[in-house]
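Enquirer: Okay, here's the structure, questions in a sec.
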């Protein structure tokens, strides 16, 4: 029987379970309850129902009959029974295993939202004591250390208990910093007050904080807040540094500078742990990777440590070969057609409509953007690349007719526009279903749209949730649906990857690309996640100049030409992973970086078999623990990490 080799868990969503508003259908339809045993316990006076996981036979009747879809019954491999690290309570989320940090190295964590990354950080920081699944009678530290005996975690927790290690966490949602009482004061004074490492000048330079030193913390934008909070964390002395999504709100250049700042914290005795959804930055930043898989909100499983390349490729492939475990049905790949011939061979839609916009400029206060004349076609996606403050959103608004250029005689094509703004502020009072009906009538229920957009973006699971209570990622997915469903000629989409996890970013990119091309529409997209940008782009517009002062942008040019131009401005080089074709950043001053710069090839599209073998050989070396050898920032001493630096 299935029950013999499966561990069954029941998860009740406390936000959805409402015993006072239902007829307790779960209890009435349960076949075990009908035999007289109490498998499901609930009364109208209960706050939440309880399901006995030992009595449950997994028939699924309660799941089907619950009017609020609050119940999940999930089968797990029985091998995980003895590997529970923490559980929050009965019928609540549980985490199996823990990431294994190594002193003097950066541990990267990758996984979907709600899979246990933040729980793992809180345990490793000492904020949560792991209960090994026994939430009613939690174990003492002696038993916990015995549980982790023989692993690197035993040494880690022993150090934490004996030496009273200090842990610092850079929080995930930096927006909350500006709203807190602790956010009172001037940026420069606060940074000076916490600087215990004597690195204030270095942090100001690396994170480009000079222009905001005299500003109030509460007046900072999202990107400025992110850089300020990273600096606040990096300037303090600690034994364990943890960064939860350090790249949010930052442009490509700022993300690389933040990564270099984080790597500069390494010394032989301390630990650095990073949770990041931008896979190219995670690749650049980490020394080794732990993947997390499972069922969001129900359970999470942490894999053993892998080399950076292997760990990210395991996450994208959805298969952990060391455990023979498949956790995703489809592999996520990034192979795109680069030439017109390849696009025709892949059956890409023909371009039948061509549009032009004139040379123009726009001045707003001290800021001025100069736009070169350009053209675009239907069935085409143009990605805009540039630093924050260079006018990407301004150009989108000019094309949309929201802003008028300085010149009165310019002729911008009058086309129907669908615009998804950068900032999403939910003001609608009602559920997601109500919002879709209000904005789109029944268009969102069309079979093709449902199959191509609604189902892949998992909108059905949040249809009855109140818009005001949605998370950032859920709001982003709803905003993308609203933009794609509106009948138009051009989609203008500003930062669609914000708040989305790694898997959702790839899915969203595929959904947008497929819908826009199949509908024979045009799109202009602003994107800072390089993996998403390269997957989406047919053409590229590069923005350059002095941010917030005077900037200019190129006309839409081919993917390789545009990427080369942009990467040269950033002074970084990319290569493609031979397994799934994702872009990988070369370490600064590494052999590969120097070779590509010398050849003027900043964006390398193909990787030979010889280079693939070399990649795998270096990753194998890198996966081995390196003891306590001190490591400097990747940009300072690239040769320290191995004989051939990780590229």
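We did not get these values from a lab; they are worked out from the coordinates using the rules stated. Just so you know, these numbers come straight off a predicted model, no measurement behind them. Cβ: placed from backbone, ideal geometry, glycine included. Neighbour counts: every protein chain shown.
Enquirer: Using all C-alpha to C-alpha distances in the chain, build P(r) with 10 Å bins and read off the rounded percent in each one.
Expert: 3, 14, 24, 26, 20, 10, 3, 0, 0
Enquirer: I would also like to ask the following. Using Cα pairs under 8 angstrom and six or more residues apart, how large is the relative contact order of the chain, in percent?
Expert: Reported as a whole number, the value is 13 percent.
Enquirer: So, one more: In region 496-604, if every C-alpha pair distance is counted and binned at 5 Å from zero, what percent goes to each bin?
Expert: For region 496-604, the pair-distance distribution reads 2, 11, 19, 20, 21, 16, 9, 3, 0.
Enquirer: Here is a further query. How many angstrom lie between the C-alpha centres of region 403-463 and region 209-233?
Expert: What the calculation gives is 32 Å, centre to centre.
Enquirer: Relative contact order, percent, of region 166-229 when contacts are C-alpha pairs under 8 Å separated by at least 6 residues?
Expert: 48
Enquirer: No solvent, one uniform scatterer per C-alpha: report log10 I(q)/I(0) for region 365-570 via the Debye equation at q = 0.10, 0.12 1/Å, two decimals.
Expert: Once normalised to I(0) and log-transformed, intensities are -0.43, -0.62.
Enquirer: If I take R0 = 60 Å and measure r between the Cβ atoms of residue 561 and residue 41 in this structure, what FRET efficiency does the formula 1/(1 + (r/R0)^6) give, to the nearest 0.05?
Expert: That gives a FRET efficiency of 0.35.
Enquirer: Round to a whole angstrom and tell me the spacing of the C-alpha centers of region 281-319 and region 475-528.
Expert: About 25 Å separates the Cα centre of region 281-319 from the one of region 475-528.
Enquirer: In what sequence, highest mean first, do 476-482, 325-331 appear when ranked by Cβ atoms within 10 angstrom? All intermediate terms of the calculation are to be shown ahead of the outcome.
Expert: Working: 476-482: 22.0, 325-331: 13.3.
Descending packing order for the listed peptides: 476-482, 325-331.
Enquirer: I would also like to ask the following. Fewest first, what order do 569, 207 take by the number of other Cβ atoms within 10 Å?
Expert: Going from sparsest to densest Cβ surroundings: 569, 207.
Enquirer: In whole percent, what relative contact order does region 8-75 give with Cα contacts below 8 Å and a gap of six or more residues?
Expert: Computed value for region 8-75: 47 percent relative contact order.
Enquirer: Give me 290, 488, 17 sorted ascending by neighbouring Cβ count inside 10 Å, so fewest comes first.
Expert: 488, 17, 290
Enquirer: Would you mind getting me the FRET efficiency between residue 594 and residue 544? Use the beta-carbon distance for r and R0 = 25 Å, nearest 0.05.
Expert: So, using R0 = 25 Å, E works out to roughly 0.55.
Enquirer: Using a 10 Å cut-off around each Cβ, can you sort 304, 360, 532 from fewest to most neighbouring Cβ atoms?
Expert: 304, 360, 532
Enquirer: Report, largest value first, the span of the C-alpha coordinates of region 8-75 along each principal axis, in whole Å.
Expert: Taking the Cα atoms of region 8-75, the three principal extents are 26, 24, 17 Å.
Enquirer: Is it possible to state the helix-based mean residue ellipticity at 222 nm for the chain, with each DSSP H run of 4+ residues giving -39500 (n - 2.57), the sum divided by total residues, to the nearest 500 deg cm²/dmol? What is it?
Expert: Using -39500 (n - 2.57) per qualifying helix, the result is -9000 deg cm²/dmol.
Enquirer: Okay, next question. Compute the separation of the alpha-carbon centres of region 575-602 and region 110-169 and state it in Å as a whole number.
Expert: 38
Enquirer: Here is a follow-up. Among DSSP beta bridges whose residues both lie in region 365-570, state the antiparallel percentage, nearest 5.
Expert: So the antiparallel bridges amount to about 20 percent of the total.
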